[in-house]
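Asker: Take a look at the following structure, please.
The values are calculated or read from the model by the stated rules, or taken from the named source; none is laboratory data. Note that the coordinates shown come from a computational prediction; the quantities given were computed from them, not determined experimentally. Don't worry about glycine lacking a Cβ; one is built from the backbone with ideal geometry, like all the others, and counts go over all protein chains shown. Note: accessible area is taken over every heavy atom of the protein model, side chains too, but ligands, DNA and RNA are not part of it. Shrake-Rupley method; radii C 1.70, N 1.55, O 1.52, S 1.80 Å.
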Amino acid sequence: MNRSVSGLLQADKSEKNTDYLTGLINRRGLYELWEKIPADMTVHCIYMDVDNFKLVNDIYGHARGDELLKFVSRILSRQFPEQMVVRMGGDEFVVVCNGSVDVEELEWQLQEVQNILKEEFDESLSALLSFSIGLTVHQPVGKGISIILDQCDEAMYHVKKNGKGSYICYEDIKEQLIEQKAMKDRALTALSEYEIEMLLQPIVYLQNSNVYAAQVVTRWNFPGLGIVPESKFLPVFEQYGVITMLDEIVFEQVCQWKNQWKGTEFEHIQIYVRLSGLYIMQINGVNHLRGCLETYQIAPEEIKICIEENAFLGRNEKMKYAIDLLTEIGFHIAILNFGSASSFMVLQNVPAKILKLDSKLLPHSVDTEWKKVNILRNVISMGRDLRFMIVAQGIENSSQAEMLANYGAQLGVGDFYGEPQSAEELYCHYKDRYFFAKNIKPTVYSFDNTLKDVEERCEGIYRGEGLAYKEGVIQSQTALYLPGGKVKENLVRLPKSVMYSESYTICLWVNSEEVQAWTSILYITYLDGFMSLVPNDGKGSCAFRMKDDREPNEWFDVFCRGVVPGQWAYLCISYDVITGVAKLYFNGLLNSSKDHAPNLKVANRVWLGGDEYQQSYHGRVAGLEIYHCVLPAEEIERKFREYQCDPTFRGTEGRK
């Protein structure tokens, strides 16, 4: 074949091998003409299709679609003069070029046709239209047109899967495609021969590194290839429909682990499991999930179903129905690899509670990748404002972990905290670090002639003079006496680690010496605001105040009756970061609650006995308990009753 094949085309072109719409050679003509090319010659072959062509047909009509196809045929004939340009059918085209054409020139022409399509056809469609192109170069004609086309088609499909609008050479991804084909051919055998291994990786609470949950990680012990990670084989399984069978096996294994851990520290551990959109949209899939819960008696809220963000894009009502059904059952939905598809419509339309951030959002260097750092910070802030639980993935070092904690991500997972391991290993390694086992105990300050907590892990520091220890509300209790003073004087600074959990309950006894309008007994600053507990606002009310610096209407107050000077009062406040509900209790009774409380992130300072605005508190405080969860109202009432039943109780008989 010469550099020009125009003679061959003109000599053998006929009505049967010509496309009726574009006048190009058709598929039949390609195969006929191929036989006339010398077998020892080499060619470059381009296989391309028009991205979003169906959408153009559906929205603008078939006549407009035909105009687009004729336009494409003209630009291909113009850009590849005297080469073989073929319309294969639909929106697919092939260009066969002489192997003597320079490959760099060929690649330049491919970029040029992309530009022409966007700029010259229809400006209103420029954002929609592009080519996905597969290319193979220096192929001997004797290899056969079918094999060459298959290779080009595989390369083109690879472009389609990875964002469209580009080209790739088959030779560049040949090894990858061969590996994928091997995985495809052995997929069913892998399931029947138990070659897929299911492991668990710890998910930690970033503020204290305790294990909060675990995520399922699968890997394939592939004969001859070794260990294949799920990032490689799951897309292949999904492409060929095998993923639904794997999802079924994995979910049942999760339920079996949960069943085995009943009666242990891990009885209620949350497990994050990835399920495909294909699986949950099958009615048999949802029925299997429900059946497993019933068989093993597992609470659905203890299993978090993770669905890839891109699975929600372009889905119909069937996906929405499936998600609604899972939510009704009681599952919490996590959007997996959020930020990979960057669709805010997903946040609007999917009733998810958890965002598992794409690991690509995480900068490797906090110091040099400032753009990534700012994007990550804003994504976390947005997720928190929408009341999502944020799970950061791919944490590799302490700098990343510290940055994520400071920006307000609650949970993290990555090899820095622990590699995937068997269920038995996870239990042995982390049962003593399980968040919900360790954190049911509050941080307690008895003030028994010390500012250390009873565990002696969190010691307060007093700034000023006049501190004393006096009798508390019962004989066995000691109270901390604070003398009052100017702003920021004579107060106790507690370590910020006492407020590592964003949901909390704080209980304490107070006995004020005088009415001090808006003076805080407890004051905590955050990245974007503060929280304070005010015994008296000067108008007869006690206030639980939160302030969000980012909001124009920034004050958030929950009120109840004020503390009377000279009388002991038991004050409790609670905040639930998930629901946004803040509550204020007085002497064991829930006096007031309010929703839509500010979502303040990461405590910076914790002060007892004053704040940055008013004179310091004058009076006594006793029995300070900081719980790292929300206590039920019944428990707070029980605690007050316990004090009240003590024969040495010095509080009021009444509760209000």
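Asker: How would segment 471-523 be classified by its alpha-carbon gyration tensor: rounded, prolate or oblate, with rounded meaning a/c under 1.5 and the a/b versus b/c comparison settling the rest?
Answerer: Working: a/c = 1.78, a/b = 1.15, b/c = 1.55.
Cα axes put segment 471-523 in the oblate bin.
Asker: Something else about it: Would you kindly derive the ³J(HN,Hα) couplings of segment 181-188 from the backbone phi angles with the Karplus curve 6.51 cos²θ - 1.76 cosθ + 1.60 (θ = phi - 60°), listing them in order in whole Hz, with x for Gly and Pro?
Answerer: So the Karplus estimates, Gly and Pro as x, are 5, 4, 5, 4, 5, 10, 4, 5 Hz.
Asker: Separate question: Restricting to bridges with both residues inside segment 1-146, how much of the DSSP beta-bridge set is antiparallel, in percent to the nearest 5?
Answerer: Taking every DSSP beta bridge with both residues in segment 1-146, the antiparallel ones total about 90 percent.
Asker: Also: Could you list which residues have their amide H under 5 Å from that of Ser340, counting only those 5 or more apart in sequence or on another chain, with H placed in the peptide plane?
Answerer: Placed amide hydrogens put Asp358 under 5 Å from Ser340.
Asker: In terms of modelled amide H atoms, which long-range or inter-chain residues lie less than 5 Å from the amide H of Cys458?
Answerer: Asp453
Asker: How much of the DSSP beta bridge set in segment 191-341 is antiparallel, as a percent to the nearest 5? Kindly include the intermediate steps, with their values, before the conclusion.
Answerer: On the way: 14 of 26 bridges.
Given both bridge residues lie in segment 191-341, the antiparallel proportion sits at roughly 55 percent.
Asker: Put a dot 7 Å past each Cα toward the Cβ at Arg64 and Lys36; how far apart are the dots in nm?
Answerer: Output for this residue pair reads 3.9 nm.
Asker: Quick one: 3J(HN,Hα) in Hz for segment 453-462, Karplus 6.51/-1.76/1.60 with θ = phi - 60°, rounded, Gly and Pro as x.
Answerer: 6, 5, 8, 6, 10, 10, 9, x, 10, 8
Asker: Could I ask something else about it? Where a Cα-Cα gap under 19 Å defines reach, which aspartates and glutamates qualify for Lys54, not counting those fewer than 8 residues away within the same chain?
Answerer: Asp66, Glu67, Asp91, Glu92, Asp122, Glu123, Asp153
Asker: Residue separation times 0.36 nm, minus the C-alpha to C-alpha distance between Leu128 and His429: what's the value? It would help to have the intermediate numbers written out before the result.
Answerer: On the way: separation 301, 0.36 × 301 = 108.36 nm, distance 5.17 nm.
In short, 103.2 nm is gained.
Asker: Alpha carbon centre of segment 360-400 versus segment 485-504: separation in Å?
Answerer: When both Cα centres are located, 27 Å separates them.
Asker: For the cross-link pairs Lys441/Lys594; Lys356/Lys594; Lys160/Lys356; Lys232/Lys353; Lys547/Lys583; Lys431/Lys639, which exceed 21 Å when the distance is taken from alpha carbon to alpha carbon?
Answerer: Numbers: Lys441/Lys594 26 Å; Lys356/Lys594 29 Å; Lys160/Lys356 25 Å; Lys232/Lys353 27 Å; Lys547/Lys583 15 Å; Lys431/Lys639 29 Å.
In this structure, Lys441/Lys594; Lys356/Lys594; Lys160/Lys356; Lys232/Lys353; Lys431/Lys639 exceed 21 Å between Cα atoms.
Asker: While we're here: So if a site counts as exposed when it's one of the chymotrypsin sites (Phe, Trp or Tyr not before Pro), its DSSP state isn't H, G, I, E or B, and it has at most 10 other Cβ atoms within 10 Å, what's the longest stretch of the chain without one?
Answerer: Details: sites that count: Tyr20, Tyr194.
After excluding every exposed loop site, the longest remaining stretch is 195-656.
Asker: Does segment 29-180 come out rounded, prolate or oblate by the C-alpha gyration tensor, with a ≥ b ≥ c the root eigenvalues, rounded set by a/c under 1.5 and, if not, prolate when a/b is larger than b/c and oblate if not? Numbers along the way, then the final one.
Answerer: Details: a/c = 1.82, a/b = 1.49, b/c = 1.22.
Since a/c reaches 1.5 and a/b is larger than b/c, the shape of segment 29-180 is classed as prolate.
Asker: Compute the angle between helix 62-79 and the longest alpha-carbon principal axis of the chain, please, reported from 0 to 90 degrees and rounded to the nearest 10.
Answerer: The angle comes out at about 70 degrees.
Asker: On a C-alpha basis, how far is the centre of segment 595-640 from the centre of segment 120-169 in Å? Whole number, if you could?
Answerer: Taking the Cα centre of each part, segment 595-640 and segment 120-169 sit 63 Å apart.
Asker: Can you give the accessible area per residue of segment 572-639, in Å², using a 1.4 Å probe?
Answerer: Spelled out: the 1.4 Å probe surface of segment 572-639, per residue, equals 34 Å².
Asker: Starting from the amide H of Lys601, placed 1.01 Å from N in the peptide plane, find each other amide H under 5 Å away whose residue is 5 or more places distant or on another chain.
Answerer: Leu527, Asp528
Asker: Karplus couplings for segment 499-513 from phi (6.51 cos²θ - 1.76 cosθ + 1.60, θ = phi - 60°), rounded to Hz, Gly and Pro as x?
Answerer: 3J(HN,Hα) across segment 499-513, in whole Hz: 10, 6, 8, 7, 9, 7, 9, 10, 10, 6, 9, 10, 9, 7, 7.
Asker: Just tell me which aspartates and glutamates come within less than 17 Å, Cα to Cα, of Lys320; anything on the same chain fewer than 8 places away is out.
Answerer: Filter leaves Glu308, Glu309, Glu328.
Asker: Please state the shape class of segment 363-436: rounded when a/c is under 1.5, otherwise prolate if a/b exceeds b/c and oblate if not, all from the C-alpha gyration tensor.
Answerer: On the way: a/c = 2.92, a/b = 1.65, b/c = 1.77.
Note, shape of segment 363-436 comes out oblate.
Asker: Let me ask you something else. Run the helix sum for the chain: -39,500 (n - 2.57) per DSSP H stretch of 4+ residues, divided by residue count, reported at 222 nm to the nearest 500 deg cm²/dmol. Walk me through the numbers before you get to the answer.
Answerer: Details: 18 runs with 214 residues, N = 656.
Only helices count here, giving -10000 deg cm²/dmol.
Asker: Before anything else, pin down the relative contact order of segment 493-539: Cα pairs under 8 Å, at least 6 apart, normalised by residue count, whole percent.
Answerer: Working: 38 pairs, mean separation 14.9, N = 47.
It rounds to 32 percent for segment 493-539.
Asker: Roughly what angle does helix 633-644 make with the longest principal axis of the chain, taking Cα atoms, 0 to 90 degrees, to the nearest 10?
Answerer: Result, in degrees: 20.
Asker: Right, next: Can you tell me the accessible area per residue over segment 399-494, all protein chains present, probe 1.4 angstrom, in square angstrom? It would help to have the intermediate numbers written out before the result.
Answerer: Numbers: 4890 Å² over 96 residues.
That works out to 51 Å² per residue.
Asker: Quick one: dipole size for segment 179-324, taken about the Cα centre, charges +1 on Lys/Arg Cβ and -1 on Asp/Glu Cβ, in debye to the nearest 20. Walk me through the intermediate numbers first.
Answerer: Values: 13 positive and 19 negative charges, 45 e Å.
Here segment 179-324 has a charge dipole of around 220 debye.
Asker: So what's the angle, to the nearest 10 degrees on a 0 to 90 scale, between helix 243-260 and the longest Cα principal axis of the chain?
Answerer: 20
Asker: Can I ask one more? What lysines could a cross-link reach from Lys143, if we take a straight Cα to Cα line under 25 Å and drop same-chain neighbours fewer than 8 places away?
Answerer: Cross-link targets: Lys13, Lys36, Lys174, Lys181, Lys184.
Asker: Positive end of the charge dipole of the chain (Lys, Arg +1 and Asp, Glu -1 on Cβ, about the Cα centre): tell me which of Leu135, Leu590, Val373 has its Cα farthest that way.
Answerer: Toward the positive end, the furthest listed residue is Leu590.
Asker: For Lys232, Lys583, give the ranking by accessible area with the largest first, probe 1.4 Å. Numbers along the way, then the final one.
Answerer: Details: Lys232 100, Lys583 65 Å².
If we order Lys232, Lys583 from most to least accessible, we get Lys232, Lys583.
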